[in-house]
1. Quick check: anything in the range 96-109 touching a strand residue (DSSP E or B) at 6+ places or on another chain (Cβ under 8 Å), over 20 Å from VAL67 (Cβ atoms), free of Cβ contacts under 8 Å to residues at least 60 places away in the same chain and outside any loop (DSSP other than H, G, I, E, B)?
2. Could you run through the range 131-145 and say how many residues are surrounded by 16 or more Cβ atoms within 10 Å (Cβ to Cβ) and without any contact (Cβ under 8 Å) to a residue 24 or more places away in the chain?
3. For the range 148-171, which residues satisfy the criterion of being in a loop (DSSP other than H, G, I, E, B) and surrounded by fewer than 19 Cβ atoms within 10 Å (Cβ to Cβ)?
4. For the subset of the range 172-193 comprising residues that are part of a helix (DSSP H, G or I) and not hydrophobic (A, V, I, L, M, F, W, C), which member is farthest from MET137 (Cα to Cα)?
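The values are calculated or read from the model by the stated rules, or taken from the named source; none is laboratory data. Quick caveat: nothing in here was measured; it's all calculated off a predicted structure. Reconstructed Cβ throughout: ideal geometry from the backbone, glycine too, with neighbour counts over all protein chains shown.
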Amino acid sequence: MPITTYEIRWFTREKPFSASKVFGADALPDERLDWYASPGHPGTGTKLREGRLETKLRTDDLGLVEVAGCSGVKERWQKWSAPLTEDIPPRQLLLENGWIPVRKRRWLQVWSAEKETLEVVHSRIGCGALFELTEVMVSGQPWWTVGFEAFGPEGLRRPALERVMTYVLEHLPAHRTLAQEDSMGYPAWLLRITA
């Protein structure tokens, strides 16, 4: 059964803000290697992630948002995920068939939007949004992505995304402008940098 997500994301070549100032000096990023199938369309993506095959389809462009000098496009996605029953194919086989290795170092905050006051919590419970800063390496080239993804009951996800995103962007310490032309999902970004 698919999961619906509401998301906004930007990709930049320069680090947009200090991870230690936002996530804490002691916060260590999660590290992993994801494999993306070479996308054929900016609204579809398939990846191998930690023993799972995930496919996403962008179902709607929810319009432009402008907050704290940043502008980007909110999107609605449908995601399907299934565990792999066999080992992931060897690296060389994936490379020969157009899969793209993306190494990630991700700092993450989970925000609860259940109460009037937003707060950082330890896990997804109820309604809220994830906020991440991720360093991504593709073909030896470093990139940065800032993203928000809402969770919770269907009718509350979109407002949760907007509340958390607005609060976080308005309270970020000194940061680079996140521009509309840099706002896109992973499939559109991969199409752009591999074209």
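1. No, because not a single residue in the range 96-109 is touching a strand residue (DSSP E or B) at 6+ places or on another chain (Cβ under 8 Å), over 20 Å from VAL67 (Cβ atoms), free of Cβ contacts under 8 Å to residues at least 60 places away in the same chain and outside any loop (DSSP other than H, G, I, E, B).
2. First, the residues of the range 131-145 that are surrounded by 16 or more Cβ atoms within 10 Å (Cβ to Cβ): 131-136, 138, 143-145.
From what's left, without any contact (Cβ under 8 Å) to a residue 24 or more places away in the chain: none.
Of the residues in the range 131-145, 0 are surrounded by 16 or more Cβ atoms within 10 Å (Cβ to Cβ) and without any contact (Cβ under 8 Å) to a residue 24 or more places away in the chain.
3. Looking only at the range 148-171, we keep the residues that are in a loop (DSSP other than H, G, I, E, B), and these are 152-153.
PRO153, the sole residue that qualifies.
4. First, pick out the residues of the range 172-193 that are part of a helix (DSSP H, G or I): 180-182, 186-193.
Filter once more, so that each one left must be not hydrophobic (A, V, I, L, M, F, W, C): 180-182, 186-187, 192.
Numbers: GLN180: 22, GLU181: 20, ASP182: 17, TYR186: 13, PRO187: 15, ARG192: 15 Å.
Filtering the range 172-193 for residues that are part of a helix (DSSP H, G or I) and not hydrophobic (A, V, I, L, M, F, W, C), the one farthest from MET137 (Cα to Cα) comes out as GLN180.
Rundown of residues vs (1) modelled with pLDDT of 95 or more; (2) under 30 Å from ALA195 (Cα atoms); (3) in contact with a Pro (Cβ under 6 Å, 6 or more places away or on another chain), yes/no style:
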residue	(1), (2), (3)
GLY126	no, no, no
SER139	no, yes, no
TRP143	yes, yes, no
PRO153	no, no, no
